[in-house]
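*Asks:* To start, I am sharing the structure in question, which I have written as structure tokens.
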Amino acid sequence: VFSALIYVGIIVAISAWRGDAPPVRGFTWGERFESVPGTLPIIAVVAIIFCSFFFGLATPTEAGSLGAFVVLVVAFAKGMRTRQLGQALHETAKLTVMIFTLIWGVLVYVRFLGFAELPDAFKDFIVSLDYSPWVVMVCILLAYAVLGMFMDAIGMLILTLPVVYPAVMALNGGEGVSAADSAFGMSGEACAIWFGILVVKMAELCLITPPIGLNCFVVSGVRPDIPVQEVFRGCVPFFVADVLTIAGLLAFPSIITILPELMA
């Protein structure tokens, strides 16, 4: 929600500055309400996934499985045939194999890191720095921004989190630290959630930064008439929006923990 509000603010500001945004007209309220039923399947999937784990009825994995089942039912209701189902299962199998291959590699990678005691060494190095924890956190995020220019999001997270996450938790005071005794003003559990959201946002930011900018190349592939350079230029306002979002989450960490606190 916070990111969406930032995006809306950026779009409104650009439209007001340029002054050439066309007004949205031509649809009556009756026509708008008539279009609502077509969106109900998507709303149902989101509501089922969100409510099932928000109220403790299912784990996030189970909620995702339930959402996939609802999507399957909707697809059959919309006319999906066996051949299309086979194609979807084939693509799913390829994606699953890729993900499990990454997981196996990560397990081996983390085991070797443990043998080398690299996470502990890096954690001790970070804690020993004579800088404010906030300065160190900003430097870590800037390092992610640089890595994201040359690596895809999944590879970047897999390579860095086994080392960086323990260091950030130690910087805050440990996993069991209370909010009063922590460096970032939040408990260990809240800090883990906060850092996870920040890293995910950094990964999203890296998806629109050159030269790897995967999302920009996807858009250019869908619209080959638009040069990829133009796509990157068009992403600049959203890059600014993501930077503002990350700055807001750094300045006001409580934004991230509002929902988990409601679930507690």
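*Asks:* Counting other Cβ atoms within 10 Å, keep those with at most 15, restrict to DSSP loop, and tell me which chymotrypsin sites (Phe, Trp or Tyr not before Pro) in region 36-93 are left.
*Replies:* Taking region 36-93 and a limit of 15 other Cβ atoms within 10 Å, the loop chymotrypsin sites (Phe, Trp or Tyr not before Pro) found are PHE55.
*Asks:* Another question, if that's okay. Report the extension gain between VAL97 and THR61 in nm, rounded to one decimal, defined as 0.36 nm multiplied by the number of residues separating them, less their alpha carbon distance.
*Replies:* Length difference between fully extended and current span is 11.2 nm.
*Asks:* Right, here's the next one. At q = 0.25, 0.31 Å⁻¹, what is the base-10 log of I(q)/I(0) for region 2-52 according to the Debye formula with one equal point scatterer per Cα and no solvent? Please give it to two decimals.
*Replies:* Log10 I(q)/I(0), no solvent term: -0.91, -0.98.
*Asks:* For the chain, modelled as a Gaussian network with Cα springs under 10 Å, which listed residue fluctuates most, VAL46, VAL136, VAL168?
*Replies:* VAL46
*Asks:* Now for a separate question. Quick one: grab the alpha carbon gyration tensor of region 1-157, order the square roots of its eigenvalues as a ≥ b ≥ c, and give me rounded if a/c is under 1.5, else prolate or oblate depending on whether a/b is larger than b/c. It would help to have the intermediate numbers written out before the result.
*Replies:* Values: a/c = 2.41, a/b = 1.33, b/c = 1.81.
Because a/c hits 1.5 or more and a/b fails to exceed b/c, region 1-157 counts as oblate.
*Asks:* Here is a further query. Among the complete DSSP H segments of the chain, which ones combine at least 30 Å of alpha-carbon extent along their axis with a mean Kyte-Doolittle hydropathy of -1.0 or more?
*Replies:* Helix filter hits for the chain: 82-116.
*Asks:* Express in nm, to one decimal, how much length is gained between VAL36 and PHE76 on full extension, taking 0.36 nm for each residue of separation and deducting their alpha carbon distance.
*Replies:* 12.4 nm
*Asks:* Treating cross-link reach as a plain straight distance, find the lysines whose alpha-carbon is under 27 Å from the alpha-carbon of LYS94, omitting any fewer than eight places away in the same chain.
*Replies:* LYS78, LYS201
*Asks:* Enumerate the whole-percent occupancy of each 5 Å bin, from 0 to the last occupied one, for all C-alpha pair distances of the chain.
*Replies:* 1, 5, 8, 10, 14, 16, 16, 13, 8, 5, 3, 1, 0, 0
*Asks:* Still on this structure: Which values, in whole Å and largest first, are the semi-axes of the equivalent ellipsoid of region 134-255 obtained as the square root of 5 times each eigenvalue of the Cα gyration tensor?
*Replies:* 32, 14, 10
*Asks:* A follow-up question, please. Quick one: compute the contact order of the chain, relative version, from alpha carbon pairs under 8 angstrom and 6+ residues apart, as a percent.
*Replies:* Relative contact order here is 18 percent.
*Asks:* So if a site counts as exposed when it's one of the trypsin sites (Lys or Arg not before Pro), its DSSP state isn't H, G, I, E or B, and it has at most 12 other Cβ atoms within 10 Å, what's the longest stretch of the chain without one?
*Replies:* 82-264
*Asks:* Still on this structure, I have one more. Starting from the Cα of LYS123, draw a straight line to each of the aspartates and glutamates and keep only those under 15 Å, dropping any in the same chain fewer than 8 residues away.
*Replies:* Cross-link targets: GLU175.
*Asks:* Taking 0.36 nm per intervening residue step and subtracting the Cα-Cα distance, what contour gain separates VAL218 from ALA247 on full extension?
*Replies:* Gain on stretching VAL218 to ALA247: 7.7 nm.
*Asks:* Suppose we take every Cα in region 53-103 and form the convex hull; what volume per residue is that in Å³?
*Replies:* Measuring per residue, one finds 78 Å³ for the Cα hull of region 53-103.
*Asks:* Loop-only check: which GluC sites (Glu not before Pro) in region 106-194 are DSSP coil with at most 16 other Cβ within 10 angstrom?
*Replies:* In loop regions of region 106-194 (DSSP not H, G, I, E or B), the sparsely surrounded GluC sites (Glu not before Pro) are GLU117, GLU175.
No lab work stands behind these numbers, since they all come straight from the coordinates. These numbers come from a predicted model, not from an experiment. Note that each Cβ is placed from the backbone with ideal geometry, even for glycine, and that neighbours are counted across all protein chains shown.
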